[in-house]
Amino acid sequence: MKSFSFLLLAVLILGGCFQSAQRGDLDSADPAAILYGIRQAAHDRDERRIPTLVELLEHDDGAVRLLSIMALERITQLDCRLGYDPYGSMAERDRAVHRWVNWVREDGREGWAQWLERGKWSLPPDQVPSASDDGPVDSRTGSGCVPES
């Protein structure tokens, strides 16, 4: 009886500690589900998820931001992060997120216009911050970074 009580207690404690995402959901409130969804989008190189990944660059969780930028690099095949640092200051991240929004705007794939029309991303292209590097600036990305050929 004593071992059964111990086993039951262990299952209850560990069961609550190790709730993992069974599937990915980029729109979930659970960071574990978001991380799993990001991993899946990157693995599949799912271009339809790019707008959502850009939104996740503003997530409160640093791990979500890090995996989001890594997924964007893999999916878009850009050779840089458009100046995005997942652990940079909020102001630095905000400027870089707007560069990603500009990239989405310029790329103009089907279905992305509705995402851009949401008020959050209505910054006019001429007001999108450019990268602070001194190198050549790609007009499409607003930075010295260019898509891989």
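The values are calculated or read from the model by the stated rules, or taken from the named source; none is laboratory data. If you're wondering where the values come from, they're calculated on a predicted model, not measured in any experiment. Here the Cβ positions follow ideal geometry from the backbone for every residue, glycine too, while neighbour counts run over all protein chains shown.
Just one of the numbered conditions (1) modelled with pLDDT of 95 or more; (2) surrounded by fewer than 14 Cβ atoms within 10 Å (Cβ to Cβ) is not true of Ala71: (2). Among the residues of region 37-52, those that are crowded, with 19+ Cβ neighbours inside 10 Å and either modelled with pLDDT of 95 or more or more than 17 Å from Arg105 (Cα to Cα) (or both) comprise Gly37, Ile38, Ala41, Ala42.
Taking each residue of region 58-77 that is over 11 Å from Leu35 (Cβ atoms) and looking for partners that are buried (at least 16 other Cβ atoms within 10 Å of the Cβ) and aromatic (Phe, Trp, Tyr) with beta-carbon atoms closer than 6 Å, six or more apart or interchain, yields Ile69/Tyr84.
Close contacts from region 29-51, counting a first residue that is touching a residue at least 60 places away in the same chain (Cβ under 8 Å) and part of a helix (DSSP H, G or I) and a second that is of a type in the set (Lys, Arg) and surrounded by fewer than 20 Cβ atoms within 10 Å (Cβ to Cβ), with Cβ to Cβ under 7 Å and a gap of 6+ residues or different chains, come to Glu47/Arg109. Only one of Arg81, Arg109 is at pLDDT below 85, in a loop (DSSP other than H, G, I, E, B) and under 25 Å from Asp27 (Cβ atoms). Can you tell me which? The unique qualifying residue is Arg109.
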